[in-house]
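Worksheet: the structure to be examined is printed underneath.
The values are calculated or read from the model by the stated rules, or taken from the named source; none is laboratory data. Computed from a predicted model, the values in this text were never measured in an experiment. We place every Cβ from the backbone using ideal geometry, glycine too, and count neighbours over all the protein chains shown. Just the protein is used for accessible areas: all its heavy atoms, side chains included, with ligands, DNA and RNA removed. Shrake-Rupley method; radii C 1.70, N 1.55, O 1.52, S 1.80 Å.
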Amino acid sequence: MKIFLKTEDEIELMRQANQLVGKTLGELAKHIKPGVTTLQLDKIADEFIRDHGAVPTFKGFPNPYGGPFPASICTSVNDVVVHGVPDEKTVLTDGDIISIDCGTLLNGFNGDSCYTFCVGEVSDEVKQLLRVTKESLYLGIENAVAGHHVGDISYAVQSYCEAAGYGVVRELTGHGIGREMHEDPQVPNYGRRGNGAILKPSMCIAIEPMITMGKRDIYLKADRWSVCTRDGKPAAHFEHTVAVCRGKAEILSSFEEVETLEGKLY
């Protein structure tokens, strides 16, 4: 395991990349409604990212099971946990949820964040899943401080979500991030306190709970990208990139633009 600590200047560059991700998610929030295809959302994101001087990190990202990722964002609808591939056939309908995972490469550093959106009127049961998943993300972030262990983050997410009766996906994890989208260490959403790598100041990590309404079992679709719940129940995914500090983690990405619009949209 090789963990890259960042300088203050590098963390500032990472903040800029991550703030652009937040702005992209905010732009997409304006267009998420019944009748929109996931391919339309991908085109909006691609244009927005490039217009701001960055490139979408996900486009062309290598897949150990097949070809490179064909789009600029991941659009995971309902039972798709992560890595949903945008296409013209997937049309959003009232009551859906869609997790949009977005990455940008700006000035040599990566930004990475994900938000799960409601489409039209969503059931209270599904809204509760989203609320708990988002809350677990911030509980994980509270533990992303120097001197703690990765397992402290993992335990915080797992214990909170499982106490609410939800499944915690094991096969997919958060990760270190910097010049590369995926760096060491891995940051699972399950684990034991005191286990895993020790967190040091200036480490940058992406924390991303992937939580299911039913059982945690998943499978890979024929497209070799989309990861779905085996029982067909919905899943939520929220992600922030943070810099580890002494006392309190610094969140480099942002949900501010999305959350400013949420009240108007839903």
Quiz item: Quick one: would you say VAL122 is within 20 Å of the chain's Cα centre (by Cα), part of a loop (DSSP other than H, G, I, E, B) and of a type in the set (Val, Ile, Thr)?
Solution: no
Quiz item: Can GLY151 be described as surrounded by fewer than 22 Cβ atoms within 10 Å (Cβ to Cβ) and at positive phi?
Solution: no
Self-check item: Residues of the range 1-46 satisfying the condition of being surrounded by fewer than 19 Cβ atoms within 10 Å (Cβ to Cβ), of a type in the set (Ser, Thr, Tyr) and more than 17 Å from ASP96 (Cβ to Cβ)
Solution: THR7
Exercise. Filter the range 201-228 down to the residues that are in contact with a Gly (Cβ under 6 Å, 6 or more places away or on another chain) and in contact (Cβ under 8 Å) with a residue 60 or more places away in the chain, then identify the one that is most open to solvent (accessible area, probe 1.4 Å).
Key: ARG224
Quiz item: Quick one: would you say ARG216 is basic (Lys, Arg), in contact with a strand residue (DSSP E or B) (Cβ under 9 Å, 6 or more places away or on another chain) and at pLDDT below 95?
Solution: no
Exercise. State the number of residues belonging to the range 229-250 that are out of contact with any Ser or Thr (no Cβ under 6 Å at 6 or more places or on another chain) and buried (at least 20 other Cβ atoms within 10 Å of the Cβ).
Key: 5
Quiz prompt | Count - residues of the range 251-266 that are in a strand (DSSP E or B) and either out of contact with any strand residue (DSSP E or B) (no Cβ under 6 Å at 6 or more places or on another chain) or exposed (fewer than 14 other Cβ atoms within 10 Å of the Cβ) (or both) | solution = 0
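Among the residues that make up the range 63-70, is at least one of them among the hydrophobic types (A, V, I, L, M, F, W, C) and either open to solvent by 30 Å² or more (accessible area, probe 1.4 Å) or touching a Ser or Thr at 6+ places or on another chain (Cβ under 9 Å) (or both)?
Initial filter on the range 63-70 (among the hydrophobic types (A, V, I, L, M, F, W, C)): 69.
Still in the running and either open to solvent by 30 Å² or more (accessible area, probe 1.4 Å) or touching a Ser or Thr at 6+ places or on another chain (Cβ under 9 Å) (or both): none.
No, there is no match, as no residue in the range 63-70 is among the hydrophobic types (A, V, I, L, M, F, W, C) and either open to solvent by 30 Å² or more (accessible area, probe 1.4 Å) or touching a Ser or Thr at 6+ places or on another chain (Cβ under 9 Å) (or both).
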Quiz item: Are any of the residues in the range 108-116 over 15 Å from THR241 (Cβ atoms), open to solvent by less than 40 Å² (accessible area, probe 1.4 Å), in contact with a strand residue (DSSP E or B) (Cβ under 9 Å, 6 or more places away or on another chain) and not in a strand (DSSP E or B)?
Solution: no
Practice problem: Could you list, in sequence order, all residues of the range 154-184 that are in contact with a helix residue (DSSP H, G or I) (Cβ under 6 Å, 6 or more places away or on another chain) and crowded, with 20+ Cβ neighbours inside 10 Å? | Solution: ALA156, VAL157, TYR160, CYS161, VAL168
Self-check item: strands (runs of 3 or more DSSP E) contained in the range 35-107 and holding at least 3 residues at pLDDT below 95
Solution: none
